[in-house]
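Down below is the structure, laid out as structure tokens.
The values are calculated or read from the model by the stated rules, or taken from the named source; none is laboratory data. These numbers come from a predicted model, not from an experiment. Glycine also receives a Cβ, built like all others from the backbone with ideal geometry; neighbour counts cover every protein chain displayed.
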């Protein structure tokens, strides 16, 4: 394995670190079905490619005049 390579599937903790947000924020997004994820053996997993597309879509919302919903 290449050092510092990002695996194709991340755990909730890894996504939290990757996005620099708390795990509570990730759980909130999951509850609202606002972040792409799937369950594996009862644990949340995140596909890196889908997460990258989701992040791109989030940044496009702001670039094109979208507004952020209050939490």
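Here are a few things to note about the model shown:
- Long-range neighbours under 6 Å by Cβ, at least six apart or interchain, first residue within 14 Å of residue 13 (Cβ to Cβ) within the range 36-52, second assigned to a strand (DSSP E or B): 37/44; 37/46; 45/9; 45/38; 46/10
- Any hit, the range 17-24, residues being at pLDDT 95 or above, more than 21 Å from residue 61 (Cα to Cα) and part of a strand (DSSP E or B): no
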